[in-house]
Amino acid sequence: MKRVLQVMAVVFGTLSAAPAVGEDLVVDLSGTMVPITTGFVGSDLLLFGATEGAGDVVVVVRGTQGDERVRHKGKTAGIWINRDEMIFNGVPGFYSVAASRPLDEVLIAAEQFDNQIGSANLRLTARDPARARIEVEAFREALIRNKQRRGLYRTNVGKVLFIDNRLFRTSIHFPANVPVGTYVVDIYLAQGGRVISNKTTLLEVRKFGFEARVFDLAHRHSLIYGLLAILIAVVAGWFAGVVARER
């Protein structure tokens with residue numbers, strides 16, 4: 001809280017001393033790191049800033065991009081099996097949008113599309129370009145639903161609150177299952193339905209302690225991690241059998 005108040009004072013002082021032609025937008029975060037440690041249940045960061053003049057503010061948070069596989073299941077002889085799948089490239093692991101007013105009142109549709117604001121405007125490219133467009137769209141919608149169900153994509157637009165006509169803030173929530181990596185935070189200043197200024201800042205989501213060592217082992221030494229997992233399962237099964245026999 002002390003850091004937040006100090007930086008907000010600096011932000012306000014910077015704009016107060018700025019000439020008529022200066023920065024339209026000044027922003028900062030209450031922290032640039034989301035540490036994941038034992039017992040992590042989620043975290044919130046505060047983004048705050050100020051505008052030089054009137055306008056609306058939109059904040060978009062995107063997690064590290066990667067490939068995502070989406071599977072379609074169906075029943076065959078009473079058994080659910082994977083019938084089809086599709087891989088999408090450049091999928092953000094996390095996605096969140098907040099705005100000072102309803103999004104359609106802040107930006108015209110073309111501006112939302114150009115800046116990929118809103119999950120419907122994310123450019124998710126199917127790896128197989130030969131698939132029918134309607135089929136790709138169905139898998140794309142399933143991908144977004146899965147992300148929303150896991151809490152990684154917001155289902156609604158969050159609130160950017162103006163403290164007065166210039167100072168604003170919003171809270172960014174990261175769930176317990178948030179993926180690690182470098183996150184991009186884009187802040188847009190809009191007037192008349194169009195973006196007139198924007199800022200970009202970065203933050204890190206990183207594992208620390210035991211979780212970090214397990215994560216590193218699983219990704220850098222997958223064979224060893226797999227063998228250890230099998231060994232732990234075998235030992236656990238043996239121990240459970242011993243306890244059952246003694247009873």
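Full extension of the chain between E137 and D164 yields a length gain of 5.5 nm, computed as 0.36 nm times the residue separation minus the alpha carbon distance. Across every direction, the projection of the convex hull enclosing the Cα atoms of the range 111-166 has a mean area of 5.6 nm². Placing R0 at 30 angstrom, the Cβ-Cβ distance between A130 and T155 gives a FRET efficiency of 0.40 after rounding to 0.05.
Shown is the FRET efficiency for N115 and K207, computed with R0 = 41 Å from the Cβ-Cβ distance and rounded to the nearest 0.05: 0.85.
Give the calculated FRET efficiency between R69 and M33 to the nearest 0.05, with a Förster radius of 30 Å applied to their Cβ-Cβ distance.
Computed FRET efficiency for R69 and M33 comes out at 0.50.
Take each peptide in 90-103, 159-172, count the other Cβ atoms within 10 Å of every residue, and average; sorted highest first, the result is 90-103, 159-172. Give me the one-decimal nm value for the distance between modelled label points at Q148 and I87, 7 Å along each residue's Cα-to-Cβ direction. Label at Q148, label at I87, 2.7 nm between them. For I117, neighbours were defined as the other residues whose beta-carbon sits under 14 Å from its Cβ, and their charges (Lys and Arg +1, Asp and Glu -1) total -1.
A short reminder: the numbers here are calculations on the coordinates, not readings from a lab. Since we're looking at a predicted model, the values are computed, not measured. Methodologically, a virtual Cβ is constructed for each residue, glycine included, from the backbone with ideal geometry; neighbour enumeration extends over all protein chains shown.
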